[in-house]
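Before any comments, here is the structure.
The values are calculated or read from the model by the stated rules, or taken from the named source; none is laboratory data. As the structure is a computational prediction, the values presented were derived from the model and not from experiment. Cβ atoms come from the backbone with ideal geometry, glycine included; neighbour counts cover every protein chain shown. In case anyone asks, the SASA skips ligands and DNA or RNA and just uses the protein heavy atoms, side chains included. Shrake-Rupley method; radii C 1.70, N 1.55, O 1.52, S 1.80 Å.
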Amino acid sequence: MSSTLTTRQQDYAQWYNDIVLKGGLADYSAVRGCMVIKPYGYALWENMQAVLDKMFKDTGHQNAYFPLLIPKSFLSREAAHVEGFAKECAVVTHYRLKNDPNGGGVIVDPEAKLEEELIIRPTSETIIWSTYKNWVQSYRDLPLLINQWANVVRWEMRTRLFLRTTEFLWQEGHTAHATRQEAVEETRRMLDVYATFAEEYMALPVVRGVKTANERFAGAEDTYCIEALMQDGKALQAGTSHFLGQNFAKAFDVQFTDKHNNMDYVWATSWGVSTRLVGALVMAHSDDNGLILPPKLAPVQVVIVPIYKGPESHERINGKVNEIMNALKAKGIRVKYDSDDATRPGWKFAEHELRGVPVRIALGLRDIDNNQGEVARRDTKEKTVYPLDGIADAVEQLLKDIQAAMFQKALAYRTDNTTEVNSWDEFVRTLDEKPGFILAHWDGTPATEEKIKELTKATIRCIPLDNKLEDGKCILTGAPSIQRVLFARAY
RNA sequence: CGGGGAGUAGCGCAGGCCGGUAGCGUACCUGGUUUGGGACCAGGUGGUCGCAGGUUCGAAUCCUGUCUCCCCGACCA
């Protein structure tokens with residue numbers, strides 16, 4: 001498994017593929033566009049799930065599960081929604097196979113055609129709202145705050161590991177509220193949950209914003225998002241939260257009686273993040289030696305590598321390592337002892353760097369004699385000798401330092417690669433010479449946004465929520481504008 | 001879905017034009033020496049050449065179809 005990665009400079013896309021494959025996160029599968037998430041990658045996702053799940057529950061949500069298969073007719077109940085998803089739906093048409101009478105294995109049994117075809121969910125609004133209709137009668141039934149962890153399928157033309165696959169894992173929250181204001185608040189609350197998660201756990205700074213009409217979710221009144229900047233200067237949408245207004249309530253006739261005995265349609269939200277976050281994590285932090293994982297999410301936070309000469313020294317080191325392991329575990333730190341005799345220390349160092357383990361402790365006889373250990377941090381590759389007394393405290397602190405340093409580094413990168421431009425020339429030149437986020441004036445029309453996309457491939461990622469109002473002129477049309485919006489080329 | 005490239009041992013590749021029964025590096029197994037940044041020596045295992053058809057006495061090699069991956073484009077919350 002001698003593996004040298006393609007460098008970011010050589011070929012960024014290939015570097016990303018190399019990291020995902022050689023870092024043991026995922027593998028290609030026999031099915032077009034679908035990937036296998038390997039144990040190490042899945043462990044990362046599980047850590048993300050655990051944190052998010054707790055955040056959802058702390059904000060009052062409960063988990064439930066709705067079917068994978070959705071009657072085809074449901075999709076067309078909401079006009080914008082069907083428009084947005086129809087082109088990428090997998091359709092189930094039959095429910096049985098049979099032996100090929102001509103001996104060619106199994107074939108679809110033509111007699112087992114479904115009366116109504118089923119689609120595999122690309123998202124679950126329709127099946128969920130058809131159900132909510134039966135759950136909501138009174139304002140006392142509201143708010144309805146539900147999340148589901150699920151897989152979805154979207155028949156994408158071009159796929160990339162974690163970033164865009166045909167089937168992917170995600171969570172989707174679907175809530176119903178008595179008032180517009182309450183639903184808007186929920187939409188914003190969950191956006192904040194996502195932003196907090198990205199920044200505090202993934203060490204990934206994000207811009208909170210609202211999407212333009214062009215980029216809005218099919219069926220939403222407003223789509224909020226968090227946008228992150230990757231190391232190649234391209235933007236990645238890391239999470240979305242939608243205010244759905246009464247669109248789905250009307251499409252599925254979900255009404256309730258308020259305190260004054262008036263009937264009204266409920267107000268809705270939906271919000272989701274997916275395994276795409278794993279891709280974001282890779283592209284935001286990793287280097288040419290492999291993954292760099294933030295300590296809070298890393299499946300293994302600390303790895304201990306013994307350096308021994310012969311079995312008796314190995315034994316002696318094992319004893320010391322056990323003490324250190326116990327002290328680290330007592331603090332809830334995920335630690336692994338790599339005492340495998342089949343590979344030598346240099347190999348192990350490279351391997352754990354490839355897999356992004358935040359901290360490595362190397363321990364040899366020389367160290368034990370001096371009551372010390374060599375501690376290496378993955379993010380900076382610095383090596384420091386620590387006294388073994390109190391090493392667990394020191395490592396605990398180091399993990400916090402790494403988490404903070406990773407965020408600061410990513411933030412500094414984003415700051416350095418966010419440019420304000422004031423003219424079309426400057427806009428085009430910046431996209432070419434210094435890719436990243438670009439803040440520029442836009443006249444607010446979908447036509448102009450479309451034209452800019454056509455000319456440059458850059459899209460409006462969002463209108464930042466904390467935007468200051470500022471008079472200016474649209475970089476393309478020169479028409480008056482009241483604020484800058486965030487442009488970038490995106491994944 | 002259009003254009004280009006690729007699929008031969010776990011991984012990386014050669015062989016293919018010119019058909020003759022598959023090779024290199026690495027990994028793996030055994031034994032020994034080793035172990036502070038991807039160890040060394042010796043011996044060994046492993047492949048219906050992506051899959052399915054066809055041509056041929058004979059196909060990794062030629063022909064047809066098909067699947068998957070990569071790059072570019074179109075597409076895309």
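Some points to look at:
- Summary of the geometry: region A:367-433 and region A:302-352, compared by the centres of their Cα atoms, lie 24 Å apart.
- Among the trypsin sites (Lys or Arg not before Pro) in region A:337-428, those placed in a DSSP loop whose Cβ has at most 15 other Cβ atoms within 10 Å are A:Lys381.
- Span-like helix ranges in chain A, DSSP H, alpha carbon extent 27 angstrom or more, Kyte mean at least -0.5: A:39-58, A:391-416
- Between the beta carbons of A:Trp135 and A:Ser76, assuming R0 = 22 Å, the FRET efficiency works out to 0.45 to the nearest 0.05.
- Once both labels are positioned 7 Å from their Cα atoms along Cα-to-Cβ, the gap between A:Asn289 and A:Thr196 label points is 3.5 nm.
- Heavy-atom accessible surface of region A:1-80: percent carbon and sulfur, 1.4 Å: 54
- Label-to-label distance, nm, for residues given as A:Leu114 and A:Tyr40 (7 Å Cα→Cβ offset): 3.9
- Apportionment of accessible area to carbon and sulfur, region A:418-488, percent (1.4 Å): 52
- Distance in nm between pseudo-label sites at A:Ala13 and A:His260 (7 Å out along the Cβ direction from Cα): 5.9
- For A:Glu156 and A:Thr384, the FRET efficiency from 1/(1 + (r/R0)^6), where r spans their Cβ atoms and R0 equals 51 Å, is about 0.65.
- Carbon + sulfur, % of accessible area of region A:302-398 - ligands and nucleic acids excluded, 1.4 Å: 48
- The order of the peptides A:106-114, A:225-233 by mean Cβ neighbours within 10 Å, most packed first, is A:225-233, A:106-114.
- A dipole drawn for region A:302-398 from +1 and -1 charges on Cβ atoms has a positive end, and of A:Leu328, A:Ile307, A:Leu398 the residue lying farthest that way is A:Leu398.
- Annotation: per residue accessible area for region A:451-491 equals 53 Å², rounded to a whole number [probe 1.4 Å, protein chains only].
- Close amide H contacts of A:Ala490 (hydrogens built in the peptide plane, cut-off under 5 Å, sequence separation of 5 or more or a different chain): A:Ala235, A:Thr459.
- Given +1 at the Cβ of Lys and Arg, -1 at the Cβ of Asp and Glu and no other charges, the dipole of chain A around its Cα centre is 420 debye to the nearest 20.
- Cut-off under 5 Å, modelled amide H: who pairs with A:Leu114 long-range: A:His94, A:Tyr95
- Computed extension gain for A:Lys457 through A:Ala479, at 0.36 nm per residue and net of the alpha carbon distance, reaches 5.8 nm.
- Surface accessible to a 1.4 Å probe, A:Asp389 within the full protein complex, Å²: 110
- Chain A: calculated mean residue ellipticity at 222 nm from DSSP helix runs of at least 4, using -39500 (n - 2.57): -11000 deg cm²/dmol
- The calculated Kirkwood hydrodynamic radius for chain A is 25.2 Å, given to one decimal from all distinct C-alpha pairs.
- Over 19 Å between alpha carbons, listed pairs A:Lys296/A:Lys331; A:Lys296/A:Lys336; A:Lys54/A:Lys329; A:Lys234/A:Lys409: A:Lys54/A:Lys329
- The aspartates and glutamates whose alpha-carbon is closer than 17 Å to the alpha-carbon of A:Lys113, local same-chain residues fewer than 8 away aside, are A:Asp100.
- Per residue, region A:302-398 exposes 50 Å² of solvent-accessible protein surface, assessed with a 1.4 angstrom probe and all protein chains in place.
- Nearest-20 debye value, region A:418-488 charge dipole, Cβ charges on Lys, Arg, Asp, Glu: 140
- Within-13-Å neighbourhood charge of A:Val357 [Cβ basis; K, R +1; D, E -1]: +4
- Between region A:51-81 and region A:149-223, the Cα center-to-center distance that results, in Å: 12
- Accessible area (Å², per residue) of region A:10-92, counting only protein heavy atoms and a probe of 1.4 Å: 51
- Amide hydrogen proximity for A:Gln372: with H placed 1.01 Å from N in the peptide plane, the residues at 5 or more positions away or on another chain lying under 5 Å are A:Leu388.
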